[in-house]
């Protein structure tokens, strides 16, 4: 596994697709747009291309080669280009379909899968999960990532079904952190 793939492989794409379908079934929206955007949501992301954002261009190229109609291509490219956590306030407002895919992607950072992805990322990049006696956030540890980002994701979710799923996943993560620290400190 390369650093670029840590936590963002095809299994991740499959989980995002399945979560997006579940959310879409409850809130509506165009299922085709949701599915295409879920499948392509990490294509061309800067984290895979030395900091160069290529999401919209690669999405347009792929869908164009598949003879997808121009309106669908535009809609999916807009979603893929704007769902990243990294975009923050610079992102364009998302359609319902974009909100669904963004929520599905964020859900994959939570729960048991989120814990594994955090540990996997740290292993690939040489980042410790925890350092005794130090502020984990300041040390850029995996455990610090929970407080810096993962435990804040629920407040950023767009849809009620995603918020409902996130509550259970976040509770599991908090239990894990409490148990981990109790065992670490002995």
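Summary of computed values
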{"read-out": "Given (1) at pLDDT below 90; (2) surrounded by fewer than 16 Cβ atoms within 10 Å (Cβ to Cβ), index of the condition residue 152 fails", "value": "(1)"}
{"read-out": "Single condition residue 68 does not satisfy, out of (1) modelled with pLDDT of 85 or more; (2) buried (at least 19 other Cβ atoms within 10 Å of the Cβ)", "value": "(2)"}
{"read-out": "Some residue of region 135-143 being closer than 27 Å to residue 75 by Cα and over 14 Å from the mean Cα position of the chain (by Cα)", "value": "no"}
{"read-out": "Meets criteria (at pLDDT below 95, surrounded by 19 or more Cβ atoms within 10 Å (Cβ to Cβ), at positive phi and outside any helix (DSSP H, G or I)) for residue 44", "value": "yes"}
{"read-out": "Single unsatisfied condition, residue 79 versus (1) crowded, with 18+ Cβ neighbours inside 10 Å; (2) assigned to a helix (DSSP H, G or I); (3) under 13 Å from the mean Cα position of the chain (by Cα)", "value": "(3)"}
{"read-out": "Where a residue in region 102-128 is free of Cβ contacts under 8 Å to residues at least 60 places away in the same chain and its partner, wherever it lies, is in a loop (DSSP other than H, G, I, E, B) and buried (at least 23 other Cβ atoms within 10 Å of the Cβ), with Cβ under 8 Å and at least six apart", "value": "102/83"}
{"read-out": "For residue 31: the one exception among (1) more than 13 Å from the chain's Cα centre (by Cα); (2) at pLDDT below 90", "value": "(2)"}
{"read-out": "Residue in region 106-122 that is modelled with pLDDT under 90, in contact with a helix residue (DSSP H, G or I) (Cβ under 8 Å, 6 or more places away or on another chain) and closer than 30 Å to residue 186 by Cα present", "value": "yes"}
{"read-out": "In region 164-183, the residues that are surrounded by 15 or more Cβ atoms within 10 Å (Cβ to Cβ) and either free of Cβ contacts under 8 Å to residues at least 12 places away in the same chain or over 17 Å from residue 116 (Cα atoms) (or both)", "value": "165"}
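The values are calculated or read from the model by the stated rules, or taken from the named source; none is laboratory data. As the structure is a prediction and not an experimental result, all values here were calculated from the model. Cβ: placed from backbone, ideal geometry, glycine included. Neighbour counts: every protein chain shown.
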